[in-house]
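Below is one structure, written out as structure tokens; the observations come after it.
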Amino acid sequence: MLISTQYLKFVRYNFCNSNRAFLSKNYSTFNPNIRTPFTVLGIETSCDDTGVAIVNSDRQIISEAIHLQQQLHEPYGGIVPNLAMSSHQQYLPLVIREALDKANMDIAKDIDVIAVTRGPGLPACLGNGLSAGKALAAALCKPLIGVHHMASHALTARLTHPTPNLLPFPFLTLLISGGHTLILVARGVNHYIHLGTTVDDSVGEAYDKIARLLKIPWLKGRGGGPGAALEQFAEKGDSKKFSVPIPMTKDKRRKEAMDLSFSGLKTSVNALITKHNLDIDDENIKRDLASTFQKAAIAHLTDKLELAFKWCKEKAIPLTALVASGGVASNKSIRFSLESLAVEQYNVPLICPPPHLCTDNGVMIAWAGVERFRIGLVDEYTIDHMPKWPISSLGSSMSL
């Protein structure tokens, strides 16, 4: 569905007329004449990356700008919320300006919709981006869309998958990042079935903790950080040199559930080091331990995904793909294992965004804005950030 000039004017009127500012939200009840394309500016500040992008409804990424904070946080071994917030405050205006300059666009004339991450994420960081988005939308009389961070990861595959038509729903989704681990069925833009999540650490957090334990220096640049550095170390290690138990395999009830657990892996690796008095300053030992951890983490992910595939089959859900996204989904070893599971056992493709769009970015927020605006999901200027925002609370979504 494409959006007409008349429709955009109607939406702006509803948002800017002082007597009708926050009336009808169900714009999808209108049937406007179509035009192509409409353009969305997306703002992402849920954690430590300041991302802004401009995307249109023809699936074109017009421009993108991002400011990374790795050097700021590496000395502390992880993300420091107050430092991340201050960096967003300092750089967000410049990143917005950079995205507009790259696109050669005027925000008042050329941007139709403002989309911004509403949650989940770090409270102070979310507030920075949301305040900026709300102010821009209100000052310029443009529709505002508050985006669920994890839903935007799931939807990015519909932007980047190289086919003429959008990837159809429903698809099984694995969202893996530094803050989240989720297994979902995406049934629509605003409709998700929540199958499983981590009961403790996310898989990305486990990668970061093991990297810190092994004193692995952070990988620099976009898509870098401690987890990406561990992946590189693991590539040259021997995963058979040591052994750690795969989580949630001993207890029958936990083994058959689709929830995940990663906190025990750090304990297991730490115990291994202590038991064998291993020298983690030895590069070879460090690589072997990294490879051992990664092998167990991937086995745990694939075990739980296999349960999810079986559940979908029992419910007669005609899956079109397995979509993996989030920063950890850029890991090559994880992608290889997921593809083997999806293609060889369940005859569906594995679809992942390009690695640079798996990590947090403005493109995914702008595209989620396109998807939501197209079906009439527009927010008031009074929305607040939601640091804890279960994806099952969206629209007609549900948890098991």
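List of remarks:
- Using alpha-carbon coordinates, inclination of helix 226-235 to the longest axis of the chain, degrees: 50
- Charge dipole magnitude, Cβ of K and R +1, D and E -1 - region 169-319, Cα centre, debye nearest 20: 300
- Crossing angle, helix 123-140 versus the chain [Cα axis fit, 0-90 degrees, rounded to tens]: 20
- Reference-scaled alpha-carbon Rg (2.2 N^0.38 Å with N residues) for region 169-319: 1.13
- Taking all Cα pairs closer than 8 Å and separated by 6 or more residues, the relative contact order of region 169-319 comes to 25 percent.
- Checking the Cα-Cα distances for Lys236/Lys332; Lys250/Lys304; Lys209/Lys332; Lys266/Lys295; Lys209/Lys304 against a 24 Å cut-off, no pair goes over it.
- Dipole size of region 322-388 about its Cα centre, with +1 on Lys/Arg Cβ and -1 on Asp/Glu Cβ: approximately 180 debye, rounded to the nearest 20.
- Translational diffusion of region 338-387 was estimated from the Stokes-Einstein equation, with Rh taken as the Kirkwood radius over Cα pairs; at 37 °C and 0.692 mPa s the coefficient is 234 µm²/s.
- Sequence-separation-based contact order of the chain, relative, with Cα cut under 8 Å and 6+ spacing, percent: 24
- Euclidean distance between Cα centres, region 48-82 to region 116-134, Å: 13
- Dipole moment magnitude, nearest 20 debye, region 72-213 about Cα centre, only Lys, Arg, Asp, Glu C-beta charged: 300
- The packing ranking of peptides 189-200, 92-103, highest mean first, is 189-200, 92-103, where packing means the average number of other beta carbon atoms within 10 angstrom of each residue.
- Cys141 accessible area, 1.4 Å probe, all protein chains in place, Å² to nearest 10: 50
- Gyration tensor over alpha-carbon atoms, the chain, equivalent ellipsoid semi-axes in Å: 38, 24, 17
- Carbon plus sulfur fraction of accessible area for region 169-319, probe 1.4 Å, in percent: 48
- Options Gln232, Leu182, His194, ranked by Cα towards positive dipole end of region 169-319, top entry (Cβ charges): His194
- Among the trypsin sites (Lys or Arg not before Pro) found in region 188-226, those both in a DSSP coil and sparsely packed, with 10 or fewer other Cβ atoms within 10 Å of their Cβ, are Lys215.
- Averaged over residues, the count of other Cβ atoms within 10 Å places the peptides 123-129, 37-43, 283-289 in the sequence 37-43, 123-129, 283-289, highest first.
- Cβ crowding within 10 Å averaged over residues, with 228-238, 173-183 ranked highest first: 173-183, 228-238
- Solvent-accessible surface of region 169-319, averaged per residue with a 1.4 angstrom probe and all protein chains in place: 45 square angstrom.
The values are calculated or read from the model by the stated rules, or taken from the named source; none is laboratory data. Everything quoted here is computed from the prediction, not taken from an experiment. Cβ atoms come from the backbone with ideal geometry, glycine included; neighbour counts cover every protein chain shown. The area values use the complete protein model at the heavy-atom level, side chains included, leaving out ligands, DNA and RNA. Shrake-Rupley method; radii C 1.70, N 1.55, O 1.52, S 1.80 Å.
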